[in-house]
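Please treat every number below as a calculation from the coordinates, not as lab data. What you see is a predicted model; the values in this text were computed from it and never measured. Ideal geometry is used to build each Cβ from the backbone, glycine not excepted, and the neighbour counts take in all protein chains shown.
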Amino acid sequence: MALRLGDIAPDFVQQSTAGEIKLHEWLGEGWGVLFSHPKDFTPVCTTELGATAKLAEEFKRRNVKVLAVSVDPLESHQKWVGDINETQHTTVNFPILADPDRKVSDLYDMIHPNANDTFTVRSVFFIDPKKKVRATITYPASTGRNFDEILRVIDSLQLTDHYSVATPVNWKYGEDVIIVPALQDPEVLKQKFPKGYTAVKPYLRITPQPDLK
Ligand code: BEZ
């Protein structure tokens with residue numbers, strides 16, 4: 001059965017360009033993003049992996065480790081990394097899992113046979129420090145993912161884990177957020193949102209992002 005939000009991300013041991021990876025142990029206490037690539041030496045994947053390498057500092061700042069997976073073997077990945085570095089003017093600085101036995105692809109239901117019975121789709125799994133799957137994204141092979149959106153989802157998950165807020169449409173870090181409707185006690189509201197809020201409707205209350213000065 002497909003993984004659902006809140007499920008524990010299945011653990012595995014698999015080879016990667018950075019040696020053997022035991023997922024849970026490798027993630028440690030931080031967040032993780034596991035994302036699949038249909039095939040090595042393909043153009044869209046090459047741009048995605050280059051973009052991910054360039055965002056290393058952004059992921060680090062958010063305490064997120066990134067882990068790519070493709071069903072091709074390790075020797076193929078190692079050659080492909082050379083191409084990625086050359087063509088995307090970067091250095092791939094995160095592991096790419098070699099998954100020729102489809103262990104990881106099957107565990108995470110990344111092969112959708114009605115789309116393609118050999119290659120994975122473009123899946124993204126956001127994994128929290130308790131190893132729970134907190135969000136997923138699925139795109140077809142022909143559509144490259146937006147890595148600003150991946151960072152934005154992490155920002156939303158990390159913020160909403162710590163404050164009684166949700167993030168509205170197209171929200172970006174630093175913009176106003178929404179107080180969760182369940183929170184109604186005026187004293188608690190005052191204490192949790194000292195900057196105040198605007199009640200557009202009783203269920204739609206806007207407040208500045210609470211963790212910012
Ligand atoms: C790509 O990454 O460019 C790609 C991979 C599989 C099918 C189509 C495009």
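Spin-label model, T143/N114: points 7 Å from Cα along the beta carbon direction are separated by 1.6 nm. Taking every DSSP bridge with both residues inside the chain, close to 65 percent are antiparallel.
Does anything in the stretch 87-126 have its amide N under 18 Å from the 7 Å Cα→Cβ label point of D211, and if so which residues? Output list for this probe position: 126. Close amide H partners of A18, meaning residues 5 or more places away or on another chain with modelled amide H under 5 Å apart, are I96. Computed from backbone phi, the HN-Hα couplings of the stretch 172-179 come to 10, 3, x, 8, 4, 10, 10, 6 Hz, rounded to whole numbers (Karplus: 6.51 cos²θ - 1.76 cosθ + 1.60, θ = phi - 60°; Gly and Pro given as x). Between the amide H of H112 and those of V121, distances stay under 5 Å, these residues lying 5 or more places away or on another chain, with hydrogens modeled in the peptide plane. Under the convention that each Lys and Arg Cβ holds +1 and each Asp and Glu Cβ holds -1, the size of the dipole of the stretch 13-144 around its Cα centre is about 540 debye.
When the trypsin sites (Lys or Arg not before Pro) in the stretch 106-207 are filtered for DSSP coil states and for at most 13 other beta-carbon atoms within 10 Å of their beta-carbon, the remaining sites are K130, K172, K195. For the stretch 12-29, putting each phi into the Karplus relation 6.51 cos²θ - 1.76 cosθ + 1.60 with θ = phi - 60° gives couplings of 7, 10, 8, 6, 9, 5, 10, x, 5, 10, 9, 3, 4, 5, 5, 5, x, 9 Hz, in residue order, rounded to whole numbers and with x for Gly and Pro. Where the centroid of each part is defined by its Cα atoms, how far is the stretch 60-129 from the stretch 172-213 in Å? First find each Cα centre; the distance between them is then 39 Å. Computed on the stretch 35-181, with alpha-carbon pairs under 8 angstrom and 6+ residues apart, the relative contact order is 23 percent. When only the Cβ of Lys, Arg, Asp and Glu is charged (+1, +1, -1, -1), the dipole of the stretch 163-207 relative to its Cα centre reaches about 60 debye. Normalised by the number of residues in the stretch 133-199, the mean separation of alpha-carbon contacts (under 8 Å, six or more apart) gives a relative contact order of 18 percent.
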